[in-house]
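A short worksheet on the structure shown next.
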Amino acid sequence: MATAALKSGLKRLLGRTGFDIVRSTNSRGGVDDFLPFEATVRAARSAGLSVGDYIDEVMNGTPGATQATIDELRALGVFAADPRTVLEIGPGSGRYLEKTLQECSPDRYEIYETAAPWAGYLVDTFEVIARPTAECSLAPTPDGSVDLVQAHKVFNTVTFLSASRYFLEMARVTRPGGRIVFDVMTETCLDPATMRAWAAQGGAGHDSYPAAMPRRACVDLFATLDCALEASFPARMGFASTEVLVFAKAA
Ligand SMILES: C[S@@+](CC[C@H](N)C(=O)[O-])C[C@H]1O[C@@H](n2cnc3c(N)ncnc32)[C@H](O)[C@@H]1O
């Protein structure tokens, strides 16, 4: 009973921060609580919303948050580049995936998602290809084969090592001239007032969430992988934010 109350309190808390709670089959995924697949899909349907919009508007109380990121990416020309192959890590409910597919029509959209029910739902709904997840590797995807590699609200939920391993893999699979887009909770998202707010409202049994990542470390790492920072902008996450980084791999 106490556990159920704690879980439901945690779910409310994380919902307010813009975080989706999805069971991770990878115990190193950082947060392995549960956004119930069937109940969420049913609730979205009865609200007449897509699952993504239902999560933004109703569950997270941040209407338009996903669309705002997509709009920024469009303004940066990410979709005008007409990506033929897209790869997304941790799409979860698919709220970014759905909106990406409204902006471009790739021939192949690969996902690496540890939450099996959501991965199956995305395969059935959007005809994407689910790849096996293991050790934060993108091994099934060949070198230099993807036009747009993205991850949203993932690297603030996993450990430093998981994020770092995925970063190296993202650069490997991106084709020359391709783009890499992901958000991280950098120092630009952590002014003293926000840190105080996290200290007061975060945690609740999940010490690993949210995970911070230095901006400079990302930029310097990707520079060594021939990927230059093109742009960055904030993305809402409840009372706080993450920073979206957009890299271009040298052509
Ligand atoms: C906070 S959710 C974000 C979901 C989605 N991108 C969104 O913004 O709505 C984090 C997602 O990453 C997935 N995940 C966690 N660890 C992962 C890993 N090692 N590889 C791939 N996906 C992972 C979780 O299952 C979950 O779907």
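The values are calculated or read from the model by the stated rules, or taken from the named source; none is laboratory data. Remember, predicted model here, so these are calculated numbers, not experimental data. Every residue, glycine among them, receives a Cβ derived from its backbone with ideal geometry; neighbour counts consider all protein chains shown. These area figures cover heavy atoms from the full protein model, side chains too; ligands, DNA and RNA do not enter into them. Shrake-Rupley method; radii C 1.70, N 1.55, O 1.52, S 1.80 Å.
Determine whether T62 is within 21 Å of V41 (Cβ to Cβ) and within 9 Å of the ligand (Cβ to nearest atom). If you could, list the steps in order and put the result at the bottom.
On the way: within 21 Å of V41 (Cβ to Cβ): yes; within 9 Å of the ligand (Cβ to nearest atom): no.
Criteria not met by T62.
Take segment 73-110 and flag every residue that is among the aliphatic types (A, V, I, L, M), more than 21 Å from D56 (Cα to Cα) and within 13 Å of the ligand (Cβ to nearest atom).
Step one: of segment 73-110, the residues among the aliphatic types (A, V, I, L, M) are 73, 75-76, 78, 80-81, 86-87, 89, 97, 101.
Subset that is more than 21 Å from D56 (Cα to Cα): 75-76, 78, 80-81, 86-87.
If the condition is that a residue be among the aliphatic types (A, V, I, L, M), more than 21 Å from D56 (Cα to Cα) and within 13 Å of the ligand (Cβ to nearest atom), then L87 is the only one that fits.
Out of segment 70-117, which residues are touching a residue at least 60 places away in the same chain (Cβ under 8 Å) and among the polar types (S, T, N, Q)?
Those that are touching a residue at least 60 places away in the same chain (Cβ under 8 Å) and among the polar types (S, T, N, Q): T85, S93, T114.
Take A130 and tell me if it is within 13 Å of the ligand (Cβ to nearest atom), at pLDDT below 95 and hydrophobic (A, V, I, L, M, F, W, C).
Values: within 13 Å of the ligand (Cβ to nearest atom): yes; at pLDDT below 95: no; hydrophobic (A, V, I, L, M, F, W, C): yes.
No, not satisfied.
Out of all the residues in segment 103-129, which are farther than 15 Å from V51 by Cα, open to solvent by 20 Å² or more (accessible area, probe 1.4 Å) and outside any loop (DSSP other than H, G, I, E, B)?
So in segment 103-129, the residues farther than 15 Å from V51 by Cα come out as 103-116, 127-129.
If we keep only those that are open to solvent by 20 Å² or more (accessible area, probe 1.4 Å) too, we end up with 103, 105-108, 113-114, 116, 127, 129.
Hits for segment 103-129 are E103, R108, A116, I129.
List pairs: first in segment 158-176 and touching a residue at least 60 places away in the same chain (Cβ under 8 Å) and closer than 11 Å to D226 by Cα, second more than 9 Å from the ligand (Cβ to nearest atom) and assigned to a helix (DSSP H, G or I), Cβ under 7 Å, 6+ apart or cross-chain?
A171/F222
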